[in-house]
Amino acid sequence: MPRLLCTTAAATHFDTFLDLLPATDDPALRSPSADGRTLSHRELRRFVEEQELASFGIAQGDRVCAVLNNGPACALAFLALCRSCAWAPLNIALTSEELAFEFEDLPAKALIVQPEVSDVKVALRVAAEMNIPTIELHSSHAGLGCFTLQWLGSSPSLPPVPRAAPSRGDVCLVIHTSGTTAKPKIVPLNHENLAVGALCIKSTLDLPRTAHNGPLAVPHGWA
């Protein structure tokens, strides 16, 4: 089977990656531990559809830094929240100077952390010094990687904003280049960039085919 071209993938009808996910009970996330827990595509879709950041005063395009441990919650946080903001994942091992640069250069509208992770103390201190609102991500029992959000008690909070549906042109991920030759530059990626890239990678790796429901299905032969 010929590999999917980016032009063909871009012609697919979708707003975000969520429109391309199947509503099946096949695993979408799998626990890295030996407990065998999974989160199905159906459960993933339901969880992502329920998440929003407008009630936290964050609008489409606002840049939200995330300092999270690698794992299911980190992966699910990106998938669930990138539809509400421009997600800016940061290395949990960054120094205070490096964090201050990230927060200022992006600039960060808010910071999301896992309060039970001791390594986020530096990020919390720098955010407090720069008066950046901080949201806590708490693990929940709703499923693998699922979570709830709440303001950090000592953090300033933001007034709610109207909730808006995301579109494929909205920036959903921002990262800095390594800056090996000059000052690091910000690379913005929108929903179209990520979804088209994912479809092409899926085609190149010849991943198993899954059924898509509804009118927003990828072209026959590439699902």
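Its DSSP H runs of at least 4 residues, each contributing -39,500 (n - 2.57), put the calculated 222 nm mean residue ellipticity of the chain at -7500 deg cm²/dmol, to the nearest 500. Residue 50 sits with roughly 120 Å² accessible to a 1.4 Å probe, with DNA, RNA and ligands left out of the calculation. Remark: C-alpha extents of the chain on the principal axes read 54, 43, 38 Å, sorted largest to smallest. The lysines within cross-link reach of residue 185, meaning a Cα-to-Cα straight distance under 22 Å and a gap of 8 or more places when in the same chain, are 109. With θ taken as phi - 60° and the Karplus curve 6.51 cos²θ - 1.76 cosθ + 1.60 applied, the whole-hertz 3J(HN,Hα) list for region 133-143 is x, 10, 10, 8, 9, 10, 4, 10, 9, 6, x Hz, x standing for glycine and proline. A simple count of charges around residue 186, restricted to other residues whose Cβ falls under 13 Å of its Cβ and scoring Lys, Arg +1 and Asp, Glu -1, yields 0.
For region 96-217, carbon and sulfur atoms together expose 58% of the accessible surface, with a 1.4 angstrom probe and every protein chain in place.
Taking amide H as placed 1.01 Å from N in the peptide plane, the amide H of residue 37 sits under 5 Å from that of 31, each at least 5 places away or on another chain. Summarising the amide proton neighbourhood of residue 172: residues at separation of 5 or more, or on other chains, whose placed amide H is nearer than 5 Å comprise 189, 190, 191.
Here the Karplus relation 6.51 cos²θ - 1.76 cosθ + 1.60, evaluated at θ = phi - 60°, turns the backbone of region 7-16 into coupling constants of 5, 5, 5, 5, 7, 5, 8, 6, 9, 9 Hz, with x for every Gly and Pro. Taking amide H atoms as placed 1.01 Å from N in the peptide plane, the amide H of residue 134 lies under 5 Å from those of 111, 152, each 5 or more residues away in sequence or on another chain.
Hydrodynamic estimate: the Kirkwood radius of region 68-148 over Cα pairs, inserted into Stokes-Einstein at 25 °C and 0.890 mPa s, corresponds to D of 187 µm²/s.
Heavy-atom accessible surface of the chain, averaged per residue, reaches 51 Å², computed with a 1.4 Å probe. Using θ = phi - 60° in the Karplus curve 6.51 cos²θ - 1.76 cosθ + 1.60, the 3J(HN,Hα) couplings for region 99-110 round to 5, 4, 4, 4, 4, 7, 6, 4, x, 7, 7, 7 Hz; x is entered for Gly and Pro.
Structure remark: mean-square fluctuation, Gaussian network model of the chain, C-alpha springs under 10 Å; the largest value among 74, 85, 65 belongs to 74.
The values are calculated or read from the model by the stated rules, or taken from the named source; none is laboratory data. All of these numbers come straight from a predicted model, not from anything done at the bench. Here Cβ is always computed from backbone atoms with ideal geometry, including for glycine, and neighbour counts include all displayed protein chains. Heavy atoms of the whole protein, side chains included, go into the accessibility calculation; ligands, DNA and RNA do not. Shrake-Rupley method; radii C 1.70, N 1.55, O 1.52, S 1.80 Å.
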